[in-house]
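Comments concern the structure below.
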């Protein structure tokens, strides 16, 4: 498979909740860059679908994002390319990437109870 990413990616382990055509699902973000991420989830998506999701940040805030599904493996997860990031989202994403990069070669982990408020 050729490398199509234009931004460096980092291994992470971040709890997330996403919403797509199939409804609300939980996920774990395992790969993150300024351009997109990979979400481990059993939820079903279609290539080209736009999904909305949120990632838990270290300060217990949430980073809300939208992305276009670029590839998926049924029952395993999918990769998204972020769409329409605003300044606040970009700042939070860059902060999260900086923290993950500073954590070293181990996957950067944030987890919490993902009960919907």
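Conditions (1) in a strand (DSSP E or B); (2) in contact with a helix residue (DSSP H, G or I) (Cβ under 8 Å, 6 or more places away or on another chain); (3) touching a residue at least 60 places away in the same chain (Cβ under 8 Å); (4) more than 23 Å from residue 103 (Cβ to Cβ), marked per residue:
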position: 12; (1), (2), (3), (4): yes, yes, yes, no
position: 34; (1), (2), (3), (4): no, yes, yes, no
position: 59; (1), (2), (3), (4): no, no, no, no
position: 66; (1), (2), (3), (4): yes, no, no, yes
position: 84; (1), (2), (3), (4): no, no, no, yes
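Within segment 16-27, the set of residues being assigned to a strand (DSSP E or B) and either touching a helix residue (DSSP H, G or I) at 6+ places or on another chain (Cβ under 9 Å) or surrounded by fewer than 18 Cβ atoms within 10 Å (Cβ to Cβ) (or both) comprises 19, 23, 24, 26. With respect to (1) surrounded by 20 or more Cβ atoms within 10 Å (Cβ to Cβ); (2) modelled with pLDDT of 90 or more; (3) under 21 Å from residue 11 (Cβ atoms), the lone exception for residue 71 is condition (1). Evaluating residue 46 against the criteria (1) crowded, with 16+ Cβ neighbours inside 10 Å; (2) modelled with pLDDT of 90 or more leaves one unmet condition, (1).
Does residue 54 meet the test of being surrounded by 13 or more Cβ atoms within 10 Å (Cβ to Cβ) and modelled with pLDDT of 90 or more? Against the criterion (surrounded by 13 or more Cβ atoms within 10 Å (Cβ to Cβ) and modelled with pLDDT of 90 or more), residue 54 qualifies. Looking across segment 98-117, the residues that are closer than 27 Å to residue 44 by Cα and either surrounded by fewer than 16 Cβ atoms within 10 Å (Cβ to Cβ) or at pLDDT 75 or above (or both) come down to 107, 109, 111, 112, 113, 114, 115, 116, 117.
The values are calculated or read from the model by the stated rules, or taken from the named source; none is laboratory data. Keep in mind that what you see is a predicted model, and the values were worked out from it rather than measured. Virtual Cβ from ideal backbone geometry, glycine too; neighbours counted across all protein chains shown.
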